[in-house]
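Below you'll find the structure, written out as structure tokens, and then a few comments.
The values are calculated or read from the model by the stated rules, or taken from the named source; none is laboratory data. Bear in mind the structure is a predicted one, so any value in this text is a computation, not a measurement. Note that we place each Cβ from the backbone using ideal geometry, even for glycine, and neighbour counts take in every protein chain shown. Side chains included, ligands, DNA and RNA excluded: accessible areas come from the protein's heavy atoms. Shrake-Rupley method; radii C 1.70, N 1.55, O 1.52, S 1.80 Å.
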Amino acid sequence: MSIRLFNTYSREIEDFVPIEPPLVKMYTCGPTVYNHAHIGNYRAYVFEDLLQRHLEVRGFQVHRVMNITDVDDKTIRNSRAAAMPLDQFTRQYKEAFFEDLRTLRIEPAADYPAATEPRYIARMIEMIKELENHGIAYQAEDGSVYFRLSRFPEYGHLAHLNLEELRPTGRISNDEYEKESIGDFALWKAWDEADGDVGWDSPWGRGRPGWHIECSAMATALLGAEMDVHCGGVDNIFPHHEAEIAQSESCTGKRFVRYWLHCAHLMVQGQKMAKSAGNFYTLRDLTAKGWSGREIRYALISVNYRLPLNFTFEGLAGARSALERIDEWIARITALAGSENRASAHPLADQSRFLEALDDDLNISGALGHLFDTIRESNKMMDHEQLSAADARALLNGWSKINQILAFEADAAAMPAEVQALLSARETARKGKDWSESDRLRDELAKLGWEVKDGKDGQRATLRAG
């Protein structure tokens, strides 16, 4: 079965055929480092990670670029409010972002270009000059340079806008705006007092790049004029991705992107996330409440990327329970496999249904459904002693392949000596059928934050979050 993906540009599910297989050139819109990224941002980054990992397991070589927007309206405004130089202000959020990626087990991109790097500023100026030479860009009386929408009739195709109905007029200098405010957008913004000491010299005077040209310049500098996949959230479709297409294709004369993939919005407790609603969460807010990175990863990944995700604490608790179930299963088949290195050809170890579900536009619900079917059926067979050590080894091998995509393995938690001693004493009490002492020791372990579950294979202790 071939991989099939929903292409926002065509509004259809299409067979995935990269330009130069097995290479896949992928660009993903990264953070604007004016503050800590929130969980809505991380929904997009986790979806992109799922896509990359699945493509790699299917034999593709993914060259992924994720940009860092470290100069725009918001970064300048917030750095000035903090009375900090722009580079110093954004550095703290860049570092926090990379820490968050590690917490969520997101694979590193091949490149993380930052908009303020001299080579990319030079590339932006070069592209704007090219557009100006073709009469597509022009410098207005305010000193800024704008993209002339009338010279790119395909503008609006990605977002399915009808320019004749909208009748764009005037110019838009802001980085972000609504469809009702459509107009010629800024490529280079002339310096003004609100920019403070932020600015670069250019043929049009001192100023700074517009947000949209930043991504076009970084993407084409690192991946070339044509790329296979461009991802982001649905809020990036207009105006950002629409502008990227117009700028890039007007410069190169080539089709910028083959497949556009966008993830739907994340809501919190059924409402739009907003600080004013008291439901705005960064990753750090959630880990401070005791939730682990892999629990948050599970909650963000477990709903298909094109469906809205309602993020709730009940959902996080469900993610915790699901991961505990996986952990217990892994512990059980690991114990059964023991030192057996040979793997059988047991049908439960066949992971083709899992992979085929993800081939179908990243159908994560179908993939996880297959995983839990496997867990349920193999647990039943172990209950009736119908699985051999070689069968268990085959299941572990299958899990290893699946987990290359999911990254759900248990956190390596160091068990304190005190906890080990209590577990040992409890095991002795259980063997002596001293159930009251066993319960007392369970309570002692609970006070230390460790939950103990008893099974056919003995007791298992896990560190509770929070």
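Within the span defined as region 284-293, one or more residues are assigned to a loop (DSSP other than H, G, I, E, B), charged (D, E, K, R) and out of contact with any helix residue (DSSP H, G or I) (no Cβ under 8 Å at 6 or more places or on another chain).
Could you list, in sequence order, all residues of region 133-164 that are out of contact with any strand residue (DSSP E or B) (no Cβ under 7 Å at 6 or more places or on another chain), open to solvent by 30 Å² or more (accessible area, probe 1.4 Å) and without any contact (Cβ under 8 Å) to a residue 40 or more places away in the chain? Quick ask: steps written out before the conclusion?
If we filter region 133-164 for residues that are out of contact with any strand residue (DSSP E or B) (no Cβ under 7 Å at 6 or more places or on another chain), which is where we start, we get 133-135, 141, 150-157, 159-164.
Narrowing further to those that are open to solvent by 30 Å² or more (accessible area, probe 1.4 Å): 133-134, 141, 150-151, 153-154, 157, 160-164.
Matches in region 133-164: Asn133, Glu141, Ser150, Pro153, Asn162, Leu163, Glu164.
For the residues Ala357, Ala319, the requirement of being open to solvent by less than 40 Å² (accessible area, probe 1.4 Å), under 20 Å from Lys453 (Cβ atoms), small (Gly, Ala, Ser) and out of contact with any strand residue (DSSP E or B) (no Cβ under 7 Å at 6 or more places or on another chain) singles out Ala319.
Scanning region 37-75 for residues that are basic (Lys, Arg) and part of a helix (DSSP H, G or I), which turns out farthest from Ile213 (Cα to Cα)? Can you show your working first?
From region 37-75, those basic (Lys, Arg) are 43, 53, 58, 64, 74; that's our starting set.
Subset that is part of a helix (DSSP H, G or I): 43, 53, 74.
Numbers: Arg43: 25, Arg53: 29, Lys74: 16 Å.
Among them, the one singled out is Arg53.
Kindly evaluate Leu50 against the criterion of being out of contact with any strand residue (DSSP E or B) (no Cβ under 8 Å at 6 or more places or on another chain), hydrophobic (A, V, I, L, M, F, W, C) and touching a residue at least 12 places away in the same chain (Cβ under 8 Å). Judged against the criteria, Leu50 is a match. Tell me yes or no: at least one residue of region 256-272 is open to solvent by 10 Å² or more (accessible area, probe 1.4 Å), in contact with a Phe, Trp or Tyr (Cβ under 8 Å, 6 or more places away or on another chain) and among the charged types (D, E, K, R). The answer is no; no qualifying residue exists. Which members of region 304-316 meet the condition of being part of a helix (DSSP H, G or I) and open to solvent by 30 Å² or more (accessible area, probe 1.4 Å)? The answer is Phe313, Glu314, Gly315.
Of the residues that make up region 76-95, is at least one touching a His at 6+ places or on another chain (Cβ under 8 Å), in a helix (DSSP H, G or I) and on the phi < 0 side of the Ramachandran plot? The answer is yes; a qualifying residue exists.
Answer yes or no: is there a residue in region 239-256 that is over 25 Å from Ala122 (Cα atoms), in contact with a helix residue (DSSP H, G or I) (Cβ under 7 Å, 6 or more places away or on another chain) and of a type outside the set (Asp, Glu). Looking for residues that are over 25 Å from Ala122 (Cα atoms), in contact with a helix residue (DSSP H, G or I) (Cβ under 7 Å, 6 or more places away or on another chain) and of a type outside the set (Asp, Glu), one finds none in region 239-256, hence no.
The residues in region 332-354 that are of a type in the set (A, V, I, L, M, F, W, C), surrounded by fewer than 16 Cβ atoms within 10 Å (Cβ to Cβ) and closer than 29 Å to Phe47 by Cα can be counted, and the count is 0. Could you list, in sequence order, all residues of region 42-89 that are within 28 Å of Gly398 (Cβ to Cβ), in contact with a Leu (Cβ under 9 Å, 6 or more places away or on another chain), among the charged types (D, E, K, R) and open to solvent by 40 Å² or more (accessible area, probe 1.4 Å)? Passing the criteria: only Arg58. Flag: Ala140 does not match the condition of being modelled with pLDDT of 95 or more and of a type in the set (Gly, Ala, Ser).
For region 108-127, the set of residues classified as assigned to a loop (DSSP other than H, G, I, E, B) and open to solvent by less than 50 Å² (accessible area, probe 1.4 Å) consists of Ala109, Pro113, Ala115, Thr116, listed by residue number.
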